[in-house]
Amino acid sequence: MGFVSSWTREPAGLVLEAILGSLAGIALLIGFIVLRRWYRGRYFQKRNERAFILRGMWDDILTGRVPAAKWRFKPLDCEVVESILLDTIEIATPEELPKLLACLRVSGLLDMRIFEARARRGTSQRMALVALGRTRAPEAIPALAEALEADAAETRIAAVRGLGRTGLLDAAIPMLDLLVSNTLRAPEHAIKNALLNCCRPDPHLLVRYIPQSSGPARELLARVLGELATPDLGDELLVLATDRLPEVRASAARALGNAQPAFALSVLSVLAADPEWFVRLRAVVGLSNFAHPETVRPLLLALCDPNRHVRQRAAWALARREPELESIFDQVVGTRDRYALEAFVSELERSGGFEKVVQAIQDRSPAESAASILLKGLAVSRERAMSVAASGSR
Amino acid sequence: MLRFLTISNITLFVYYLLSNIVYLALLITAILKNAAHRARLASLRLEHLRTSPFTPPVTLLVPAHNEEQFIVESVHSLLAIDYPDLEVIVINDGSVDSTLEQLKHAYGLKPAKLLYIQQVPSAKIHGIYRSELQPRLIVVDKEAGGSKADAVNAGLNAATSPYVCIVDADSILERDSLLRIMAGVLNDPARVMAVGGIVRVLNGSRVVAGELKEVRLPKGALEILQVIEYLRAFLIGREAWSKFNMLPIISGAFGVFRRDLVLSIGGYRPKAVGEDFDLVVRAHRYLQETDKDYVIEFIPDPTCWTEVPADLRSLARQRARWHKGLLDTLWPNRDMIFRTRYGRVGSVILPYMWLFEFWAPIIEAVGYGTIILAAVLGMLSREFFLQFLLYGYAFATMISIGSVLLEEMTYRRYSDWREVARLLLFCLVEHFPYRQMTMIWRLQGIWQYLRGDLKWREMKRTGLSPTPSTTE
């Protein structure tokens, strides 16, 4: 009815209503801003006062000499105590943690958060999930795990992050179960970080799930394992290095480079000739972690790789082999690959090894010879090489 | 004549009503999206991104043309950004002042043989330098290409990371801004192609050694009016459009792009006047044409602080250039309009940009003329005329105050009561004569574009305060 009457009204009447509406809007907005500022100012002042008082009796709150009933049912006090507890738990040592968790349990704060995570929806549920993750309490895991299948994407993300924040191995299991069945709907980065935190104490858990997984889930698990691998994972890493998925082979190369099991060098040398460039790149990065003379040959091969990223990284690794630079330089010249030489000299310049190599060549042979070797190869550093050669001949 | 005036006034009335409905819808959408974003932030810990081995590397591209006044401070601030794997590439775009010398001196630059493959067009490179003091800093010295786009393209050719972040040399990024903006990317890295952060007004704030120490509202009226404009544009406009994946622009002062996307579309258009708008529209075009499921996002918490013009002459030039840039992008992409192939971008945002951005100063100017004429000729009741003016004023003020409200509810960068009061006061007075001046500058921009005058005119700057030390 109101709608019909507005359309039949004179334009002036409409405009007048619009003016009044806009003025009311302005008044409401300004009023809201002012009230909100005032309320927040007052709230923070009160909170600050309560935090000061509660901090004064913190030890008594922790030990229960001040019974939980005294603060638990006063919303502001409860909020302050929980916030202090969670902050302390985050930086607590394994010895301090049980006392803090006991306080959470005895006061019922943990149960309250578990209840909120299960019964509430929206912001309150997400806040509860965040708090549960921060508690690092094993009891929090089931509630967090249930939220992994929530309808709201934000809730699922909060659950993944919460599980990750617990840092408990058991917290990884619900994520891994859903991941291998391809039903975990959360950002990959959040899942990887969460698994990284949870599986750190025992990366074997990941190894158990990899055979059951396929596609992106398999790649994700291998990627996490690549960061956590330990030398005792040798055989499992060998299997991954022959996986049909290139991303998994790349992760295996990363893991081998980090964990350095006994056979790592030979496997990495094979992976450095993989058909996929990023697998070769990861293998070269892995090889660069070893100071073993056996790595020079595969790195030299990688220096002649058709992919520039692989060449650059091999050059980076070779240019940092300080005692062998002179012989490596000879071998690089021996490849007769201009791109390899260019990449190596660039890295030598960057690492500050260039002058040392030139000096070493000058010392062992006539300056003209040094200059001729350099001039043959150093198209990239022609001017510099000339000046060095010239100074050598003087 | 009388008939023309009547039709004109009715058209104006409808246009104004429509635009107000759109602005109100944008304000409401922005408030809702902002609330959702803050809910997501609640479970995010930047610390996890910082320490995660899975956080991808990013290259900061900083085009610099005659920036001797504050290039050292600016680079100092960029190098201090909190990000685990960061490369900073400064592109000295044919500066005729001492920009390069200052960088060489401050950061110990040495010539370096880095691989530079010209994948997107840019002017000739003179040399590439790497800092001895800061290994993450690379300087590309090139011939002046005549545009920021050309300089950024050179940086794209030299960059090695999968993501590039384009930053103006006269801007300051907050330390955690890159982590925050990348959090947006990492929510859905397969779909998120580009993300823009908020740009705020630096004037008046206290900056020490290229680092923002204290946020303050500028003293000058002209600068405060721009604070309101920026809040409105970013916290309402961009926030709301990105909700529907129709973000038409990511500010050239601060945005992250997938490098492969930018290379796929041929980099920045070297002769583009509004290179940032042009790039995003071309990205939408490419992604729609290749049927990609994609997101171009705006995130309101990663913050970049930039210096805005403090004098009328510089402001007039900037606004004219912005409007030229608008037309320079809308015109070549006019074929996207109302074509289903381009989805919402073609059917909503580009028509919106034509109607409510490009045509706005023309319609406004015609409107002022016809309304006054109609009032003088007695065709318009004086009472109605005044009421209409008052309505326009009240509604526009309400939208501006809405942007201050969003700022208050979310980031509260202006913590002092008096500063908020001043902001609110300026919301009440921005419609006369600032609005009319902006209209004239935008009309000048159209005129310059039509005449083929695409020159970049320098802006007068005050610069950042000097740095005590350039090493960490």
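The values are calculated or read from the model by the stated rules, or taken from the named source; none is laboratory data. Everything quoted here is computed from the prediction, not taken from an experiment. Cβ placement follows ideal geometry from the backbone for every residue including glycine, while neighbour counts extend to all protein chains displayed. These accessible areas exclude ligands, DNA and RNA; they are computed on the full protein's heavy atoms, side chains included. Shrake-Rupley method; radii C 1.70, N 1.55, O 1.52, S 1.80 Å.
In terms of the Cα gyration tensor, with a ≥ b ≥ c the square roots of its eigenvalues, is segment B:195-266 rounded because a/c is under 1.5, prolate because a/b exceeds b/c, or oblate? Numbers along the way, then the final one.
Values: a/c = 3.06, a/b = 1.62, b/c = 1.89.
It comes out oblate by the Cα gyration axes.
Before anything else, pin down the relative contact order of chain B: Cα pairs under 8 Å, at least 6 apart, normalised by residue count, whole percent. Could the numbers behind the result be given before it?
Numbers: 826 pairs, mean separation 92.4, N = 472.
It comes to 20 percent, rounded to a whole number.
Taking the Kirkwood radius as the inverse of the mean 1/r across Cα pairs, report the Rg/Rh of segment A:299-363. Numbers along the way, then the final one.
Details: Rg = 10.6 Å, Rh = 11.3 Å.
Rg/Rh for segment A:299-363 comes to 0.94.
Peptide B:44-54: average number of partner chain Cβ atoms within 10 Å per residue?
Taking the mean over all residues of the peptide, I get 5.
Seen against the Cα atoms of chain B and their longest principal axis, helix B:312-330 is set at about 90 degrees. Dividing the helix sum by the residues of chain B, where each DSSP H run of 4 or more adds -39500 (n - 2.57), gives a mean residue ellipticity at 222 nm of -15000 deg cm²/dmol. Taking every alpha-carbon pair under 8 Å whose residues sit at least 6 apart, segment A:267-340 reaches a relative contact order of 26 percent.
At a Förster radius of 30 Å, what calculated FRET efficiency corresponds to the Cβ-Cβ distance of B:L389 and B:L312, to the nearest 0.05? Don't skip to the answer; put the middle values down first.
Numbers: r = 25 Å, r/R0 = 0.82.
In this case the efficiency is close to 0.75.
Working from the Cα coordinates of chain A, the gyration tensor eigenvalues give, after taking √(5λ), semi-axes of 60, 32, 25 Å in decreasing order. Under 1.5 on a/c is rounded, so check that first for the protein assembly as shown, then, if it is not, pick prolate when a/b is larger than b/c and oblate when it is not; a ≥ b ≥ c are the square roots of the alpha carbon gyration tensor eigenvalues. Taking the square roots of the gyration eigenvalues as a ≥ b ≥ c, the protein assembly as shown is oblate. Would you mind getting me the FRET efficiency between B:L355 and B:A233? Use the beta-carbon distance for r and R0 = 25 Å, nearest 0.05. The value I calculate is 0.90. Averaging the sequence gap over all C-alpha pairs within less than 8 Å and six or more residues apart, then dividing by the number of residues, gives chain A a relative contact order of 6 percent. Is there a pair in B:K104/B:K219; A:K46/A:K99; A:K46/B:K243; B:K271/B:K292; B:K33/B:K213 whose C-alpha atoms are over 31 Å apart, and which pairs would that be? With Cα atoms farther than 31 Å apart: B:K104/B:K219; A:K46/B:K243.
Separation of segment B:423-452 and segment B:142-174 by C-alpha centroid, Å? Each part reduced to its Cα centre gives a spacing of 29 Å. The mean number of partner chain beta-carbon atoms within 10 angstrom of a residue's beta-carbon across peptide A:184-196 is 4.
Both numbers refer to the Cα atoms of chain B; Rg and Dmax are 22.6, 76 Å. Relative to the longest principal axis of the Cα atoms of chain B, the long axis of helix B:148-158 lies at roughly 30 degrees. Under 5 Å from the amide H of B:T303 lie the amide H atoms of B:E174, B:S177, each residue being 5 or more positions distant or on a separate chain, with H modelled from the backbone and absent for Pro and chain starts. Between amide H atoms placed 1.01 Å from N, distances below 5 Å from B:F244 occur with no residue 5 or more places distant or on a separate chain. A simple packing score, the average count of other Cβ atoms within 10 Å per residue, orders the peptides A:180-187, B:326-333 as B:326-333, A:180-187, with the highest score first. Residues of segment A:221-238 falling in the label zone of A:H204, defined by backbone nitrogen less than 11 Å from a point 7 Å along Cα to beta-carbon, are A:232-233. Surface exposure of chain B, expressed per residue as accessible area with a 1.4 Å probe, stands at 39 Å². Interface B-A: total buried accessible area of about 4200 Å², 1.4 Å probe, protein heavy atoms only. For A:D337, no residue 5 or more places off, or on another chain, has a built amide H under 5 Å of its own. Remark: segment B:42-54, residue by residue, has Karplus-estimated 3J(HN,Hα) of 4, 9, 8, 10, 4, 4, 5, 5, 5, 9, 6, x, 8 Hz, where x stands for each Gly or Pro and the curve is 6.51 cos²θ - 1.76 cosθ + 1.60 at θ = phi - 60°. Spin-label model, A:A69 to A:R121: label points 7 Å out along the Cα-to-beta-carbon direction sit 3.7 nm apart. Counting, for every residue in A:123-129, the Cβ atoms of other protein chains within 10 Å of its Cβ and taking the mean gives 2. Return the whole-Å distance between the Cα centroid of segment B:342-414 and the Cα centroid of segment A:222-276. When both Cα centres are located, 62 Å separates them. State the percentage of accessible surface on chain A attributable to carbon and sulfur atoms; use a 1.4 Å probe and exclude ligands, DNA and RNA. On chain A, the fraction of accessible area on carbon and sulfur atoms equals 58 percent. The phi torsions of segment B:414-427, fed into the Karplus equation with coefficients 6.51, -1.76 and 1.60 and a -60° offset, translate into couplings of 9, 7, 6, 3, 5, 5, 5, 4, 5, 4, 5, 4, 6, 5 Hz, rounded to whole numbers, with Gly and Pro shown as x.
Contact residues in segment B:83-117 (at least 40 Å² less accessible area with all protein chains than alone, 1.4 Å probe): B:K113, B:L115.
Roughly how many percent of the accessible protein surface of chain B is carbon and sulfur, given a 1.4 Å probe and a whole-percent answer? Each step should come with its number before you reach the end.
Numbers: 11080 of 18510 Å².
Roughly 60 percent of what the probe reaches on chain B is carbon or sulfur.
What does the highest-first list of A:53-59, A:255-261 look like by mean Cβ count within 10 Å?
On the way: A:53-59: 12.4, A:255-261: 23.0.
In decreasing order of mean packing, A:53-59, A:255-261 become A:255-261, A:53-59.
Model label sites at B:M437 and B:L114, defined 7 Å from Cα along the beta-carbon direction, differ in position by 4.2 nm. For segment B:373-418, a drop of 50 Å² or more in accessible area on going from the chain alone to the assembled protein chains (1.4 Å probe) is found at B:F384, B:Q387, B:Y391, B:A394, B:M398, B:I401, B:L405, B:E408, B:R412, B:W417. Residues in segment A:65-73 carry Karplus couplings, in order, of 5, 9, x, 4, 4, 5, 10, 5, 9 Hz; the curve used is 6.51 cos²θ - 1.76 cosθ + 1.60 with θ = phi - 60°, and Gly or Pro positions show x.
What number comes out for accessible area per residue over chain A if the probe is 1.4 Å? Units Å², please.
Values: 19020 Å² over 394 residues.
Accessible surface, normalised per residue, equals 48 Å².
The label point for A:S83 and the one for A:E146, both projected 7 Å from the Cα toward the Cβ, are 2.8 nm apart.
Residues of segment B:174-219 that bury at least 30 Å² of accessible area once all protein chains are present, compared with their chain alone (1.4 Å probe, heavy atoms only, ligands and nucleic acids left out), are B:L186, B:N187. For A:R338 and B:R451, a Förster radius of 51 Å and the Cβ-Cβ distance give a FRET efficiency of 0.50, rounded to the nearest 0.05.
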